[in-house]
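In what follows, a structure is listed as structure tokens, so that the remarks can point back to it.
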Amino acid sequence: MTSESISKTLRSNILGRPVELLENTDSTNAQLKIKAENHTASQGFCLIAQQQNEGKGTDGNSWASAKGNIYASILFAYDDKVNTLFPLYPAVALCRVLRKYHIEAHVKWPNDVLIGKRKIAGILCEGASGKYMIMGIGINVNQETFAGELSNIATSLMIETGNEFALEEILANFLEEYEKLYYGHYDILKEWLKLTEMIGKTIATFQEGKEKKVKVMGLSPEGFLLVESEGKTETLMARRGLDISVDY
Ligand code: BTN
């Protein structure tokens, strides 16, 4: 993947305009944050890296970032209205793209994209209230193996299909679909619900060391997870320390 090959392949009008490719960086989210604070990037700016040394995951975890995959961060203007729905858009966009490739991906609340029980992508949304929002996504594309514990929880397009994919193609398709969803008149809750296997299932949630089994009923208008526990409806908000098992 080169800057030229990305420019040639890109079909979106806002997202990825412009796009900057780094060979190596600590974290594209961290670097884009600096640009946003310095006002040297605006809405749609996309920062991509071939690899990251300090890729950030949710919950303070790290995101293993070897060469061969996509590590991208996109800058958005802050929008109060879509704030809590914001993380759903990229997950839905990627899932739709993968299904166009006949890969049976599905979304796990709030914004994981899974194939079977393994993660094909991770999304980390960060921002400064009232100022900007950053969507960072790591898509496992051409990675052939994952070491240790990761081999049970992560997968890649290469592992799933046996084929190598052009990173710029996946990126261009993702940005096109994401842009269509985000700026178009879509009901993102409805679109998300079409792509999940969670509804009606009993899931195990883990919070502060406690396991609780609840039944998934749907999404609230804010994009929170509505669950039923002992006959009562509860609302789960995505927050630090909340884990949901992939076994459902
Ligand atoms: C997760 O833990 O599921 C979220 C992982 C998010 C990883 C991406 S890779 C590009 C961007 N830059 C980062 O440092 N993290 C995100």
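The values are calculated or read from the model by the stated rules, or taken from the named source; none is laboratory data. Model, not experiment: these values are computed from the prediction. Backbone-built Cβ (ideal geometry, glycine too); neighbour counts: all protein chains shown. Quick note on the areas: whole protein, heavy atoms, side chains included, nothing else; ligands and nucleic acids left out. Shrake-Rupley method; radii C 1.70, N 1.55, O 1.52, S 1.80 Å.
Can you list the strands (runs of 3 or more DSSP E) lying wholly within the range 201-248 that have 1 or more residues being open to solvent by less than 60 Å² (accessible area, probe 1.4 Å) and farther than 19 Å from Thr84 by Cβ?
Correct list: 202-207, 210-219, 225-229.
Could you list all residues from the range 56-89 that are in contact with a Leu (Cβ under 9 Å, 6 or more places away or on another chain), near the ligand (Cβ under 8 Å from one of its atoms) and small (Gly, Ala, Ser)?
Gly57, Ala72, Ser73
In this structure, does Lys201 turn out to be more than 13 Å from Pro90 (Cα to Cα) and over 18 Å from the mean Cα position of the chain (by Cα)?
yes
Need the failing condition index for Tyr182 against (1) open to solvent by less than 30 Å² (accessible area, probe 1.4 Å); (2) touching a helix residue (DSSP H, G or I) at 6+ places or on another chain (Cβ under 7 Å); (3) more than 14 Å from the ligand (Cβ to nearest atom), just the number.
The number of the failed condition is (1).
Of all residues in the range 25-41, count the ones that are of a type outside the set (A, V, I, L, M) and either crowded, with 18+ Cβ neighbours inside 10 Å or within 13 Å of the ligand (Cβ to nearest atom) (or both).
Counting residues in the range 25-41 that are of a type outside the set (A, V, I, L, M) and either crowded, with 18+ Cβ neighbours inside 10 Å or within 13 Å of the ligand (Cβ to nearest atom) (or both) gives 8.
In the set Val19, Val97, Val92, which member is more than 13 Å from the ligand (Cβ to nearest atom) and either more than 13 Å from the chain's Cα centre (by Cα) or open to solvent by 60 Å² or more (accessible area, probe 1.4 Å) (or both)?
Result: Val19 is the single residue among Val19, Val97, Val92 that is more than 13 Å from the ligand (Cβ to nearest atom) and either more than 13 Å from the chain's Cα centre (by Cα) or open to solvent by 60 Å² or more (accessible area, probe 1.4 Å) (or both).
Which of the residues spanning the range 71-87 are among the hydrophobic types (A, V, I, L, M, F, W, C) and buried (at least 24 other Cβ atoms within 10 Å of the Cβ)?
Those that are among the hydrophobic types (A, V, I, L, M, F, W, C) and buried (at least 24 other Cβ atoms within 10 Å of the Cβ): Ala72, Ile74.
Check off (1) under 20 Å from Lys67 (Cβ atoms); (2) over 17 Å from the mean Cα position of the chain (by Cα) for Ile120 and give me the number that stays unchecked.
Answer for Ile120: the failing condition is (2).
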